[in-house]
Amino acid sequence: MPEYTHFINDEQWKKIEPLLPKPRAGRVGRPPADNREVLEGILWILRTGARWKDLPKRYPSASTCWRRLNSWEERGVWLKVWRKFLGDLDENSLLDWEEAFIDGIAARNCARDGGLAPRSRLAGVGHKPPQAAVVKSHGGER
C-alpha cells in the first residue's frame, strides 16, 4: 500500500491553524475531531471529486468533515484562509496582478466583504462589468 501524503505541509498548517475555530471541548461524548485531519478529509473530497460516503477511513467521518466544511463557510473561515495565502504570495511578489481572472461568485463575495476595484478596469468592451473584484496592479491600486 502506498504511503499516505498530506495535502497540507507543516509550514502551510502553521499558517492555517490559527484561522480555524477550535473544536468545542468539554462536551459529553466523543472528543471533537482534529482540525487538521478534518481539513485533510475535506481536501481529499475536493481533490478527488469523490462522494462523501467514499471518504477513506484514515480521515474523520464524512459527516464530521461535511459539517465542519459548512460551519467554516458560515463563519467566513475560507475567505480568511484565501486572503492569508493570497497576501503571502503578494508580499513575496509571486502574483502577476496584470493578469487576473475572477468569476461572478468571487465578485459577489468581494462586493459583500469589501476590497473593491474600480468597475471600469474589469469591464470588457461590450460587456457588462461584474459587480466588483479584488484586483491590484503593480501601481498600488487596490
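Taking interchain pairs and intrachain pairs at least six residues apart, which have beta carbon atoms under 8 angstrom, with the first residue in the range 50-63 and more than 15 Å from Phe7 (Cα to Cα) and the second aromatic (Phe, Trp, Tyr) and open to solvent by 70 Å² or more (accessible area, probe 1.4 Å)?
Once the first residue is more than 15 Å from Phe7 (Cα to Cα) and sits in the range 50-63, its partners that are aromatic (Phe, Trp, Tyr) and open to solvent by 70 Å² or more (accessible area, probe 1.4 Å) give Trp52/Trp66.
Residue check: is Arg68 in contact with a His (Cβ under 9 Å, 6 or more places away or on another chain), closer than 19 Å to Arg24 by Cα and surrounded by 13 or more Cβ atoms within 10 Å (Cβ to Cβ)?
No; evaluated as a whole, the condition is false for this residue.
Can you find a residue that is assigned to a helix (DSSP H, G or I), without any contact (Cβ under 8 Å) to a residue 40 or more places away in the chain, surrounded by 11 or more Cβ atoms within 10 Å (Cβ to Cβ) and not hydroxyl-bearing (Ser, Thr, Tyr) anywhere in the range 18-28?
No.
Sort through Lys136, Lys80, Lys57 and tell me the only one that's modelled with pLDDT of 85 or more, open to solvent by 40 Å² or more (accessible area, probe 1.4 Å) and touching a helix residue (DSSP H, G or I) at 6+ places or on another chain (Cβ under 8 Å). Working first, answer last.
Values: Lys136 fails: modelled with pLDDT of 85 or more; Lys57 fails: touching a helix residue (DSSP H, G or I) at 6+ places or on another chain (Cβ under 8 Å).
Lys80 is the lone residue from the list that is modelled with pLDDT of 85 or more, open to solvent by 40 Å² or more (accessible area, probe 1.4 Å) and touching a helix residue (DSSP H, G or I) at 6+ places or on another chain (Cβ under 8 Å).
The values are calculated or read from the model by the stated rules, or taken from the named source; none is laboratory data. Note that the coordinates shown come from a computational prediction; the quantities given were computed from them, not determined experimentally. Neighbour counts run over all protein chains shown; Cβ positions are idealised from the backbone, glycine included. Side chains included, ligands, DNA and RNA excluded: accessible areas come from the protein's heavy atoms. Shrake-Rupley method; radii C 1.70, N 1.55, O 1.52, S 1.80 Å.
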